[in-house]
Amino acid sequence: MKVLPSRSSEVATPGPARQPATAMIEIDHVSQVFQTSARKDHLALSDISLTIEDGAFVSILGPSGCGKSTLLYIVGGFVSPTSGSAKVKGKTITAPGPDRGPVFQEFALFPWKTVLGNVMYGPRQQGVRATEAEAQSRALIEMVGLKGYENFFPKELSGGMKQRVALARTLAYHPEVLLMDEPFGALDAHTRTRLQNDLLNIWERDRKTVLFVTHSVDEAVFLSDKVVMMSRSPGRIRQVIDIDLPRPRRRTELLLDPRYQKYVVDIERMFDDIDEAGVNP
Ligand SMILES: Nc1ncnc2c1ncn2[C@@H]1O[C@H](COP(=O)(O)OP(=O)(O)OP(=O)(O)O)[C@@H](O)[C@H]1O
Ligand SMILES: [Mg+2]
């Protein structure tokens, strides 16, 4: 764990001595060209370079189709970039790995396994003994607020509960990096707020590196150390905004904080500028 530059002015939580930031993810001049079914080349990402420090919470914002998911898939190792490179801890990413845990909206749970069975799956695959895997999984289930639901099947859960199980299941692998693609996008506002708070609590405890894609400006500002604003397709990085707000963050306090409000308004304006720039098919 280390203290990030964007938190440097904060004195609220005593932490360990400040260490130089180390890069967890390095995206270096990445471009992605897809071939469409009409056999045309489609430039989805154009020359993306971004370094994400160990323990940072970084959100990616940008218009629909600008390549946010593609960038996450590249870091996840599900897609290899047409040019440039993506590295995790200095090693070029060539495939998915247990160090990078995806929490994608479409990342389905095993319908035939209970909540406990779904969460235990990862540790069991990694060779953890059943009793230990069960104890770890029960603790994670409690942490995501699902104590009492261990024996429920996914079809017996609400959307928000399924999303919590997906988060617990990914955390059970102990990934160093969480890759989250609009994980709360389909949830009602209240459930979304609760899950944002839960995620921040978990993050403040573990300080995993998080790469988080969202369409919501206030979600991005509330959660992140940095917000990466992308331009319309073909996706380029338009600006990286350091969110210099103290942690731990409390939503109700932040909503009244003029610094928070300014970040949200400035980024919303940036979105408006991108929208006014028109659509590039
Ligand atoms: N497998 C594919 N084959 C061809 N084109 C693709 C493929 N995957 C994505 N694309 C194209 O790449 C571009 C970026 O897609 P991507 O899904 O990364 O966007 P996004 O920013 O995540 O959008 P949204 O906010 O709507 O989820 C889009 O123009 C899309 O049509
Ligand atoms: Mg997407």
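Coordinate-derived values only; no laboratory data. Quick caveat: nothing in here was measured; it's all calculated off a predicted structure. Neighbour counts are summed over all protein chains in view; Cβ atoms, including those assigned to glycine, are modelled from backbone coordinates with ideal geometry.
At what distance in nm do the modelled label points of K262 and V33 sit from each other, each positioned 7 Å from its Cα along Cα→Cβ?
In this crude label model, K262 to V33 measures out at 4.4 nm.
I'd like the FRET efficiency for K91 and T252, computed as 1/(1 + (r/R0)^6) with the beta carbon distance as r and R0 of 41 Å, rounded to 0.05. Could the numbers behind the result be given before it?
Working: r = 42 Å, r/R0 = 1.02.
Approximately 0.50, to the nearest 0.05.
May I have the pair-distance distribution P(r) for the chain, computed from all Cα-Cα distances with 5 Å bins from 0 and rounded to whole percent?
Values per bin, smallest distances first: 1, 5, 12, 16, 18, 17, 14, 10, 5, 2, 0, 0.
For the chain, how many pairs of lysine residues have a Cα-Cα distance under 25 Å, where the two are 8 or more positions apart or belong to different chains?
Step by step, the pairs that qualify in the chain add up to 28.
Could you sort the peptides 98-104, 114-120, 257-263 by per-residue average Cβ neighbour count (10 Å cutoff), highest mean leading? Walk me through the intermediate numbers first.
Working: 98-104: 20.1, 114-120: 23.3, 257-263: 14.6.
My ranking of the peptides, most packed first, is 114-120, 98-104, 257-263.
Dividing the Cα convex hull volume of the range 114-242 by residue count, how many Å³ per residue is that? Before the final figure, lay out each step's value.
Numbers: hull volume 16.0 nm³, N = 129.
Measuring per residue, one finds 124 Å³ for the Cα hull of the range 114-242.
Taking the Cα-to-Cβ direction at E142 and at R269 and moving 7 Å from each Cα, how far apart do the two end points lie in nm?
According to this spin-label approximation, the distance is 4.8 nm.
Hey, with R₀ at 35 Å, roughly what FRET efficiency would N197 and D41 work out to, going by the Cβ-Cβ distance, to 0.05? Please list the in-between numbers first.
Working: r = 43 Å, r/R0 = 1.23.
The formula returns an efficiency of 0.20 here.
Measuring from centroid to centroid over Cα atoms, what is the spacing of the range 158-184 and the range 197-220 in Å?
If we compute the Cα centre of each part, the gap is 11 Å.
Which cross-chain or sequence-distant (5 or more) residues have an amide H under 5 Å from the amide H of M230, H modelled 1.01 Å from N in plane?
L61, G62, R238
Relative contact order of the chain, please, whole-number percent, based on alpha carbon pairs below 8 angstrom and at least 6 residues apart. It would help to have the intermediate numbers written out before the result.
Numbers: 522 pairs, mean separation 69.5, N = 281.
This gives 25 percent for the chain.
Based on the alpha-carbon set only, what is the convex hull volume of the range 19-124 divided per residue, in Å³? Before the final figure, lay out the partial values.
On the way: hull volume 16.6 nm³, N = 106.
Enclosed volume per residue, from the Cα hull, is 156 Å³.
Report ³J(HN,Hα) in whole Hz for each residue of the range 121-138, in order, from the Karplus equation J = 6.51 cos²θ - 1.76 cosθ + 1.60 where θ = phi - 60°; Gly and Pro get x.
3, x, x, 5, 4, 7, x, 6, 4, 4, 5, 5, 4, 5, 5, 4, 5, 4
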